[in-house]
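Trainee: Here it is: the structure, laid out below.
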Amino acid sequence: MDASTDPGWPRLVDEVQRAFAGSPYRVDVAPDAITVIADLADARFLGLASVRRVGVVYRTRLTWKAPSRVAWEDAEEVVEWTAGVDGSLVPRLTGRIAGMRGRVVQASFRKEVGVDKRGVGLPVDYAFSTGEIATPLRAAVERAGFRTAMAATTRIGLVAAIVGGGGAVVAGVVLAVLAATGNLVGS
């Protein structure tokens, strides 16, 4: 069985589209996935002695896994570059690409002053909370009778956090025992 043969899938698609109708967020539907997209920033502008490009996109994707079950994955992608001169009038070109996947909970805002085709203003100006997508999406999933599961990226991140946290605890215990027995170098 796949999404196309799951009788609940069309209802889920309908519920998600209805939840975001009239919102600033876009809903893309694929044969086995529904993605809600927030284009937070997409700006090219002149800054102080520089040319800037800023792009920020947040996505939540529901992927069909089994009848009435979807995997939930959040993703944020940021692309920035700047070309210009620094305070010493030395030419520079900098860039940054960043992203995260899994389950993301965050609130952010950003404002940048610059000159674009509309004139002087705030070509990058947004405030966003992941709850703006998560809350109506969770309600749509529940209304359609679906349950969510962690996506593979979320499970991998959780395992890495547990292993890393466990390693830190073990290291702390070993250091405490060494200190207590007087075997810690420098004690």
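Trainee: Taking the Cα centre of the stretch 89-144 as the origin and placing charges on Cβ (Lys, Arg +1; Asp, Glu -1), which of Leu93, Gly114, Ile133 is farthest toward the positive end of the dipole?
Mentor: Farthest towards the positive pole: Leu93.
Trainee: Per q in 0.08, 0.17 Å⁻¹, report the Debye log10 I(q)/I(0) for the chain, using one uniform scatterer on each alpha carbon and no solvent.
Mentor: Values returned for q = 0.08, 0.17 Å⁻¹ are -0.44, -1.05.
Trainee: Residue by residue through the stretch 30-46, what is 3J(HN,Hα) from phi via Karplus (6.51 cos²θ - 1.76 cosθ + 1.60, θ = phi - 60°)? Round to whole Hz and write x for glycine and proline.
Mentor: 10, x, 10, 8, 10, 10, 9, 10, 10, 7, 7, 8, 8, 9, 10, 7, 8
Trainee: For the stretch 46-187, which whole-number percentage of the solvent-accessible area (1.4 Å probe, protein heavy atoms only) is attributable to carbon and sulfur atoms?
Mentor: 65
Trainee: So what's the net charge close to Trp64: Lys and Arg +1, Asp and Glu -1, counting the other residues with Cβ under 10 Å from its Cβ?
Mentor: Numbers: positive: Lys65, Arg69; negative: Asp2, Asp6, Asp32.
Summing Lys/Arg as +1 and Asp/Glu as -1 gives -1.
Trainee: Report, largest value first, the span of the C-alpha coordinates of the stretch 47-148 along each principal axis, in whole Å.
Mentor: Answer, in whole Å and largest first: 60, 23, 21 Å.
Trainee: Something else about it: Please sort by residue number the trypsin sites (Lys or Arg not before Pro) in the stretch 82-187 whose DSSP state is loop and whose Cβ has at most 11 other Cβ atoms within 10 Å. Kindly include the intermediate steps, with their values, before the conclusion.
Mentor: Values: sites: Arg92, Arg96, Arg101, Arg103, Arg110, Lys111, Lys117, Arg118, Arg138, Arg143, Arg147, Arg155; in loops: Arg103, Lys117, Arg118.
Answer by residue number: Lys117, Arg118.
Trainee: Per residue, what accessible area does the stretch 145-187 have, given a 1.4 Å probe and all protein chains present, in Å²?
Mentor: Values: 3010 Å² over 43 residues.
About 70 Å² of surface per residue is accessible.
Trainee: Next up: Tell me which DSSP H helices of the chain clear both cut-offs, 30 Å or more of axial length from alpha-carbon atoms and a mean Kyte-Doolittle hydropathy of at least -0.5.
Mentor: Details: long enough: 152-181 (43 Å, 1.84).
Length and hydropathy pass: 152-181.
Trainee: Same structure again: Hey, what does the equivalent ellipsoid look like for the stretch 76-115, semi-axes from the Cα gyration tensor as sqrt of 5 times each eigenvalue, largest first, whole Å?
Mentor: Values: eigenvalues 161, 37, 11 Å².
Semi-axes from the Cα gyration tensor: 28, 14, 7 Å.
The values are calculated or read from the model by the stated rules, or taken from the named source; none is laboratory data. Keep in mind that what you see is a predicted model, and the values were worked out from it rather than measured. Don't worry about glycine lacking a Cβ; one is built from the backbone with ideal geometry, like all the others, and counts go over all protein chains shown. Just so you know, the surface numbers come from the protein's heavy atoms only, side chains and all, with ligands and any DNA or RNA stripped out. Shrake-Rupley method; radii C 1.70, N 1.55, O 1.52, S 1.80 Å.
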